[in-house]
Amino acid sequence: MHSKLALATLTFLISSCSSIIEKPVNNAEVFDNNYRRQCERLQSLYPFNKESKKDISITEFNRYFAPQIGILTTQLSSHEKFAKTYNSHLSAVKAIQNYFYSNGSTSAKRQVSIKTKQSPEGYQYISLKFNGNVGPQITGPRLLYNVELPLDGASISLVAKSNSNDENERFYSGPWAFLRFLDESEVIESSQNSMTVATPLSTGDTNHSIEYTVNHLSQWESIRNAFFCPE
């Protein structure tokens, strides 16, 4: 009786082990799915998704894109399952790395500048404030202001007061505040190193567009649009 029970138990264990051996866990597939979910999450956030109210944090941006230590370099490059789309995906990521990382840096940083180009009539003053500091004056002296992207705790406000004393202020915050400000502007012309943008501004019954020249940012839109996740 005992020997029959022992034999049945042993047979069951051998059968179970064989089933496990025959159907191993596909770790590569699990990795692919995890990587894709991470990438798609990043793609759903700002600045890649203009409609999103949630930003990619600088920490998360660096964790994914930083050369040498980012997910691409340390994990994705060692897997071959993305062979069909890997090269295009790699090119898109490399473009982001070249844009935000320089001289071996592992922290995203890009210096851009903005300067007022045209002063609309009908206003007592119009100014931009960066992180609480007054930036380029639209009425009065034309000032060139340097902006760092991305920047934790960044804020931008466009403040205007018309001759009829109507006031308007538009406020943007977060590490990508400057890009949010520009995304509400219209690009009038663009070259390799600079672009002219027009930002709509309304105070009371007065509607105007304020023009700026922005340097060292003109390629960002094409880089953003080119980023995609592997299939």
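For region 29-68: of the residues being without any contact (Cβ under 8 Å) to a residue 24 or more places away in the chain and touching a Ser or Thr at 6+ places or on another chain (Cβ under 8 Å), which is nearest to Y101 (Cα to Cα)?
The extreme case among them is L45.
Filter region 107-130 down to residues that are part of a loop (DSSP other than H, G, I, E, B) and at pLDDT 80 or above and give me whichever is farthest from E169 (Cα to Cα).
Of everything passing the filter in region 107-130, S107 is farthest from E169 (Cα to Cα).
Please enumerate the residues belonging to region 144-157 that are under 22 Å from the mean Cα position of the chain (by Cα), in a strand (DSSP E or B) and of a type in the set (A, V, I, L, M, F, W, C).
Correct list: V147, L149, I156.
For region 182-229, give me the residue count where each residue is in contact (Cβ under 8 Å) with a residue 40 or more places away in the chain and more than 24 Å from E121 (Cβ to Cβ).
12
The values are calculated or read from the model by the stated rules, or taken from the named source; none is laboratory data. On a predicted model such as this, the values are computed, not experimentally measured, just so you know. Counting neighbours? That spans all protein chains shown, and the Cβs are built from the backbone with ideal geometry, glycine included.
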